Structures are given as C-alpha cells and as structure tokens.
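Peer 1: My questions will all concern the structure given below.
Every read-out reported here was derived from the displayed coordinates using simple, explicitly stated rules and does not represent laboratory data. Just so it is clear, the model here is predicted, and its values are computed rather than measured. Virtual Cβ from ideal backbone geometry, glycine too; neighbours counted across all protein chains shown.
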Amino acid sequence: MSLIPDTVRRELEARFRDRLAGPVHLSLYTRPGSARLILPAGLGCATCDETRQMAELIQQSAPEKVTLEVVDVSRDPARAEADGVDEVPTIRIGSASDAARIAFQGLPVGTEFPALIDAVERTSRGEHGLSQESLAGLARLKEPAEVLVFATPT
C-alpha cells in the first residue's frame, strides 16, 4: 500500500504545473533501514522510508522542475555536519541558485505536508511571503538569525 493516494499524486502534479516557476532542489538526509525496529539513539530511523516516499512524490510530481538528492548520514556524516543537519529525516529545500535555507525535520504529514508543498512552491517562485514590516525588522539584524517554526496538530 502506498503512503500517498493516487488522487493526491494527481492533484499535486496539476498544482505544480500551475505554481512552479523555477527549479527547486530537495536534499533528503536519511539513515536507511530498521524502520520497524526501535533502536538506541543514532541508529536506524523509524520514519525515513516514509519521508523518502514524500520527497520522491514531490520530485516525481514535477521532474522537470524538482531534483532530489538523498544523503545517507551513516555513510556521509561529514556532509550532514557541513549542511547543519543533525536529525533524520530532514528535507532541505533550496533553489538552483541559492543554498537551502528551509528544512523540515521528521515525517511531513498532517499539518506539515501543506507547509512543505508551500515551501517548495515559494522557493520555485523566489517568494518569501513576508510583509514590508517584517522585511524592515529583518534588515535591522546585525547577525545571522535562525527562525524555527513548530507545527503540531494541537
């Protein structure tokens, strides 16, 4: 049984045809195997297989615009460290010209899935969706800042 129903696949393909402009690059950081086992921290990944299905769905819905790279952190820990990824699964989203600045940790289902799709679309169009007031506030920052957004069904 597929994690993503065919109706969702078709809807996403149609949506991306209308809403994607430029290229988007997804990087999925994963630790394959042991999806059904509970292992000590640092071993295995309970949701990596499902997260890979989500990332592949996005890439397959617009293969001419979306590329997907899968990084196995157990084989390439230096890459994950260099990219600032310390948890799996993580999906990073970037454009062809800019480094990835958006990251989703964990399995993007429920309320996270629409946010992931929105992030792909905004990255493709080079849109941030921030108000002028927010942009002015950010312009006053003297040092780099990291913004974390937490989504929860409650």
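Peer 1: Pop a pseudo-label 7 angstrom from the Cα along the beta-carbon direction at both Arg9 and Arg122 and give the gap in nm to one decimal.
Peer 2: Distance between label points: 2.9 nm.
Peer 1: Looking at the chain as a GNM with Cα springs under 10 Å, which of Thr111, Thr90, Thr51 has the largest mean-square fluctuation?
Peer 2: Among Thr111, Thr90, Thr51, the largest mean-square fluctuation in the Gaussian network model of the chain belongs to Thr111.
Peer 1: Which residues' amide hydrogens lie under 5 Å from the amide hydrogen of Val24, considering only partners 5 or more residues apart or on another chain, with H built in the peptide plane?
Peer 2: Amide H neighbours of Val24, under 5 Å, 5+ apart: Val66, Thr67.
Peer 1: For the chain, what mean projected area does the convex hull of the alpha carbons give, in nm²?
Peer 2: Working: hull surface 44.6 nm².
Computed as one quarter of the Cα hull surface, the answer is 11.2 nm².
Peer 1: Antiparallel versus total DSSP beta bridges in the range 6-129: what percent is that, nearest 5? Write out the running numbers ahead of the final one.
Peer 2: Values: 10 of 17 bridges.
Expressed as a percentage, antiparallel bridges in the range 6-129 total about 60.
Peer 1: With 10 Å bins from zero, work out the P(r) of the range 111-154 over every alpha carbon pair and list the percent per bin.
Peer 2: In whole percents, the pair-distance histogram is 21, 42, 34, 4.
Peer 1: Extending each Cα 7 Å along its Cβ direction at Leu141 and Asp86, get the distance between those two points in nm, one decimal.
Peer 2: 1.9
Peer 1: A further question on this structure: Within the chain, what is the longest stretch that has no trypsin sites (Lys or Arg not before Pro) placed in a DSSP loop and near at most 11 other beta-carbon atoms within 10 Å? Display every interim value, and only then the final one.
Peer 2: Values: sites that count: Arg36, Arg75, Arg140, Lys142.
Excluding the exposed sites themselves, the longest stretch runs over 76-139.
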